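The values are calculated or read from the model by the stated rules, or taken from the named source; none is laboratory data. No experiment lies behind these values; they were computed from the predicted model shown. No Cβ is skipped: glycine too gets one built from the backbone with ideal geometry, and neighbour counts run over all protein chains shown.
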Amino acid sequence: MPNTERRTPATDGLIVDSFRVPNSAIAMYPRPIKAGIFALAGLNSVATTYYFYYVYFFMQAQFGFGRMENLVLAASLGFIYTFASIFCGRFAQKRGYFLSLRLGFFIMAVVLAVGSGIHSISGHVAAMIMCTVGMCFTWPTLEAMVSEGESPTRLQRMVGIYNIVWAAGGAFSYFTGGAMLEKLGLRSMFLVPSAMQFAQLALAFWLEKAAGASGPVSAEENGVPSSPLELNPRPVGQTRAFLKMAWLANPFAYLAINTVIAVIPSLAQELKLSPMFAGFFCSVWLFVRIGAFALLWLWPGWHYRFRWLIVAYVAMIASFAFILLVPNLPLLVGAQIVFGLAVGLIYYSSLFYSMDVGERKSEHGGFHEAAIGAGSCAGPAIGAGAMYLFPDASGNSAWAISGMLILGLAGLTWLRVKK
């Protein structure tokens with residue numbers, strides 16, 4: 001017999017009767033503060049993408065890192081991100097959102113500024129680890145602040161805008177990052193993001209002061225028409241089942257994503273692309289992902305539909321294999337189109353279901369980011385292991401990771417059957 005119990009956002013999954021309270025009873029950030037939060041998300045995406053996506057080009061140019069070394073580096077950073085995200089999400093939930101943001105922006109700003117003068121591998125690895133921890137104080141917090149106090153209907157809109165903002169920032173950053181490295185030099189990879197982090201720190205202070213002065217507002221005061229509180233119409237069992245499936249699929253998506261990011265410098269060498277043209281041609285999937293986010297925001301028909309999740313997952317496996325195994329520029333571009341659509345739906349599912357289930361949003365955001373970290377660690381680690389164990393096998397890392405993605409497909413199907 002299906003579970004037909006209902007819940008409201010205010011009860012964190014507890015069963016409630018059909019009583020109704022007005023939307024004005026829900027506290028949320030005023031509109032100008034929400035706009036500032038979206039601005040922080042966009043700036044943070046640009047700054048962190050400049051550094052974390054181009055650090056592999058930097059290590060290749062500065063220290064001669066090849067595909068295997070960059071995969072090991074990516075796996076190490078993913079491992080740190082996994083556990084730091086959980087801690088930082090809980091920290092923000094307990095100590096406050098703005099404190100978490102200030103701490104994260106400050107850590108990244110200072111470490112990146114210092115990192116521009118480091119000349120050793122160990123020093124740069126230490127800087128990357130500290131920046132990774134700093135970043136973990138920001139993303140779970142921003143995700144929670146965007147969705148704070150929103151009804152199920154408005155939550156879809158808030159998450160949609162948030163996804164488009166950060167995805168657009170990341171796409172712009174990766175598209176222009178290679179040109180920045182060539183025109184401004186390798187140190188720009190540290191100094192430009194550092195300056196942006198200091199700007200975010202200042203904006204976070206201003207937003208905190210403005211939020212304190214205005215205080216939380218009701219939905220009606222924020223321009224949302226007064227109406228009875230929307231009850232989430234989905235059964236508790238269904239929402240939690242899809243949350244588990246999305247939390248499984250998303251790390252596998254990032255298993256593929258961060259493997260691709262780590263090996264792009266090697267792919268660029270094979271295709272004789274400079275960092276600038278690698279940024280131009282290898283950012284296609286990032287722009288396609290923006291379109292996917294826009295479509296998923298405007299059309300809610302994919303919510304709690306397993307077929308959309310499973311089709312996206314299969315498409316991701318196929319396109320990932322094409323990107324890594326077929327050294328042909330037109331096919332690389334075509335495969336990225338499919339890849340961007342697929343990972344867009346998988347990521348959107350994970351974040352939306354995380355925010356749609358319960359009120360511990362920052363903590364759930366931390367688990368969402370930890371899932372990203374787990375995939376970011378596992379994919380490159382498997383790829384590096386395959387290269388070490390089978391050095392003479394063609395496409396060793398791609399085949400090994402594709403096999404792991406297929407195992408994830410089996411797990412996804414099992415969770416669906418279990419539900």
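Data for the structure
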quantity	calculated
Enumeration of residues in the stretch 127-144 that are under 28 Å from L191 (Cα atoms) and aliphatic (A, V, I, L, M)	A127, M128, I129, M130, V133, M135, L142
Matching residues in the stretch 344-394 - criterion: being at pLDDT 85 or above, assigned to a helix (DSSP H, G or I), over 23 Å from F293 (Cβ atoms) and not hydrophobic (A, V, I, L, M, F, W, C)	P380, G383, G385, Y388
Neighbours by Cβ (under 8 Å, 6+ apart or cross-chain): first from the stretch 128-144, more than 23 Å from V114 (Cα to Cα) and of a type in the set (V, I, T); second buried (at least 24 other Cβ atoms within 10 Å of the Cβ) and at pLDDT 95 or above	T141/S100; T141/L101; T141/G104
L203 vs. criteria among the hydrophobic types (A, V, I, L, M, F, W, C), modelled with pLDDT of 95 or more and surrounded by 14 or more Cβ atoms within 10 Å (Cβ to Cβ)	yes
Count - residues of the stretch 314-343 that are within 21 Å of R416 (Cβ to Cβ) and crowded, with 24+ Cβ neighbours inside 10 Å	3
Neighbours by Cβ (under 7 Å, 6+ apart or cross-chain): first from the stretch 395-406, outside any helix (DSSP H, G or I); second surrounded by fewer than 21 Cβ atoms within 10 Å (Cβ to Cβ)	G395/L325
Qualifying residue in the stretch 87-100 (condition: of a type in the set (F, W, Y), assigned to a helix (DSSP H, G or I) and surrounded by fewer than 17 Cβ atoms within 10 Å (Cβ to Cβ))	yes
Selection within the stretch 125-170 - of a type in the set (S, T, N, Q), under 15 Å from Q197 (Cα atoms) and either part of a helix (DSSP H, G or I) or touching a Ser or Thr at 6+ places or on another chain (Cβ under 7 Å) (or both)	T132
Unmet criterion (only one of (1) closer than 24 Å to K209 by Cα; (2) at pLDDT 95 or above; (3) surrounded by 17 or more Cβ atoms within 10 Å (Cβ to Cβ)) for P30	(2)
Boolean, H124 is buried (at least 18 other Cβ atoms within 10 Å of the Cβ), closer than 16 Å to L191 by Cβ and not small (G, A, S)	yes
Any pair with Cβ under 9 angstrom, 6 or more apart, that starts in the stretch 156-172 at a residue that is among the charged types (D, E, K, R) and ends at one that is not in a helix (DSSP H, G or I)	R157/E150
Matching entry among Y97, Y53 (being touching a residue at least 60 places away in the same chain (Cβ under 8 Å) and over 30 Å from G395 (Cβ atoms))	Y97
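Condition check ((1) of a type in the set (D, E, K, R); (2) farther than 26 Å from G117 by Cα; (3) modelled with pLDDT of 95 or more) across all residues:
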| site | (1), (2), (3) |
| --- | --- |
| F190 | no, no, yes |
| S194 | no, no, yes |
| K209 | yes, yes, no |
| S214 | no, yes, no |
| V217 | no, yes, no |
